[in-house]
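J.: Sharing a structure here in structure tokens format.
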Amino acid sequence: MVESELYPVFIISKPGCEEGAKLVNAFNKTMDIPVRTYEVFGFDAFNFKVKADYDWGEARLEAIEELTGSKELPLVYVGGKLIGGAEKVNAQIADGSLKKTVATLRQAIVDMVEARFPKQEEESMYIGMRKVTAAEYKAYEAFQAKTGGLDPLEVNRKKAKEAAQNK
């Protein structure tokens with residue numbers, strides 16, 4: 001699976017950006033859709049000095065502007081398409097159009113996961129570490145009920161011990 005398929009909403013933001021955090025919350029909690037974020041920052045955020053006289057945060061913003069046409073952050077992509085900044089996204093949330101798009105994307109994620117990991121017809125059951133069918137598990141439960149909760153190996157050992165004592 002491609003990461004963009006699992007995270008159809010991508011938000012580019014600055015560290016500590018309140019608007020970005022509100023948008024992440026709106027998508028995650030209100031619309032129930034996974035979000036991937038990218039925070040633009042310079043080396044000053046890492047608490048170490050770089051010898052070059054260069055503003056890496058600004059360079060990243062310029063690269064984002066070249067790709068998107070905007071330096072406004074946060075920027076939101078939904079389904080691989082640039083929606084825009086917080087103002088535009090909030091307007092689409094308010095008019096309900098974004099919720100419809102997100103619902104379609106959410107369903108696409110569900111369909112993709114179900115296709116990749118089909119549901120098992122039977123529930124997996126285990127006896128010890130051995131995987132068994134539901135019918136085998138029922139037979140095991142019936143055997144335990146008949147023998148007072150003993151394991152089949154214990155019953156066989158008990159029978160062997162009794163047979164050895166009777167000789």
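The values are calculated or read from the model by the stated rules, or taken from the named source; none is laboratory data. All values reported here derive from a predicted model rather than from experimental measurement. Cβ sites come from the backbone with ideal geometry, for glycine too, and all protein chains shown count toward neighbours. Ligands, DNA and RNA are stripped out before the accessible areas are found, and what is left, the full protein with its side chains, is counted by its heavy atoms. Shrake-Rupley method; radii C 1.70, N 1.55, O 1.52, S 1.80 Å.
J.: Please work out how much accessible surface Phe143 shows to a 1.4 Å probe, ignoring ligands, DNA and RNA, in Å² rounded to 10.
T.: Here the accessible area works out near 60 Å².
J.: Sticking with this one: At R0 = 35 Å, how high is the FRET efficiency between Lys138 and Ala115 if r is their beta carbon distance? Nearest 0.05 is fine.
T.: My answer for the efficiency is 0.65.
J.: Here is a further query. Points 7 angstrom from Cα along the Cβ direction at Ser97 and Glu66: gap in nanometres?
T.: Result: 3.1 nm between the two label points.
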